[in-house]
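K.L.:
Handing you a structure now.
The values are calculated or read from the model by the stated rules, or taken from the named source; none is laboratory data. What you see is a predicted model; the values in this text were computed from it and never measured. Methodologically, a virtual Cβ is constructed for each residue, glycine included, from the backbone with ideal geometry; neighbour enumeration extends over all protein chains shown.
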Amino acid sequence: MKEILQKYLPSNAVEPVFQLIKINGVHLKIVNERVTRHGDYRRMANGTQQITINANLNKYRFLITTVHEIAHLVAFEKFGRTIKPHGQEWKYCFRNLMLPFIRPEIFPNSLLPLIANHFRNPKASSDTDAKLAVALKMFDPENDKNYIFEIPAGSIFKIHNGKTFKKGPRKVKRYECLEVDTGKIYLFQPNAEVHLLKI
């Protein structure tokens, strides 16, 4: 297991993550990319605790996602199965589990202040923290995607399912975008990744 984790995690995080997996009896599966999520936690019918993490994540996002999912397990075990998945109990567990990793031996200096700030009140997904998401993306392999906030107003873009949109105005935190085929308006997070179409 440690040999596998070394491929996906910062080297100084391998041992502590391995211990978290062992102590909590986690069955960890590394899977192909799922567009809608980085990872998930499930208690199986036979009682085993399964966590799946996308294989395509950079090592810092892989670490945050793994601890995020273990925090679900710990929160349910500690506070019961009726708690909200991303409620106060989960935030408490996630923050406490993540604290030992927020160190310069594990994260680069450019990420540390953003991670420390994020974990004051962690969100259901690190992707909803636009500053942290953009900073984490710097460690991804090169790709041809853009963030919505980067593209000009009126641009036409495509999302993962092939649907095409026109970028509209920003409303509070999100952008109103018009689906080209239906004329419906959808709201997009500023850091949603899209393919800009050359029209």
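K.L.:
With at negative phi, loosely packed, with under 15 Cβ neighbours inside 10 Å and either touching a helix residue (DSSP H, G or I) at 6+ places or on another chain (Cβ under 6 Å) or not aliphatic (A, V, I, L, M) (or both) as the only criterion, which of ASN161, ASN146 stands out?
P.N.:
Criteria check complete, one pass: ASN161.
K.L.:
Could you list, in sequence order, the residues of segment 78-107 that are part of a loop (DSSP other than H, G, I, E, B) and either crowded, with 19+ Cβ neighbours inside 10 Å or in contact with a strand residue (DSSP E or B) (Cβ under 6 Å, 6 or more places away or on another chain) (or both)?
P.N.:
Correct list: ILE106, PHE107.
K.L.:
So which of LYS167, LYS184 is at pLDDT 90 or above, over 30 Å from LEU20 (Cβ atoms), basic (Lys, Arg) and loosely packed, with under 13 Cβ neighbours inside 10 Å?
P.N.:
LYS184
K.L.:
Which ones in segment 26-77 are in a helix (DSSP H, G or I), in contact with a strand residue (DSSP E or B) (Cβ under 6 Å, 6 or more places away or on another chain) and over 20 Å from ILE115 (Cα atoms)?
P.N.:
Once the filter is applied, which keeps residues that are in a helix (DSSP H, G or I), in contact with a strand residue (DSSP E or B) (Cβ under 6 Å, 6 or more places away or on another chain) and over 20 Å from ILE115 (Cα atoms), segment 26-77 yields only LEU73.
K.L.:
Could you please let me know if ALA124 is modelled with pLDDT under 95 and not in a helix (DSSP H, G or I)?
P.N.:
yes
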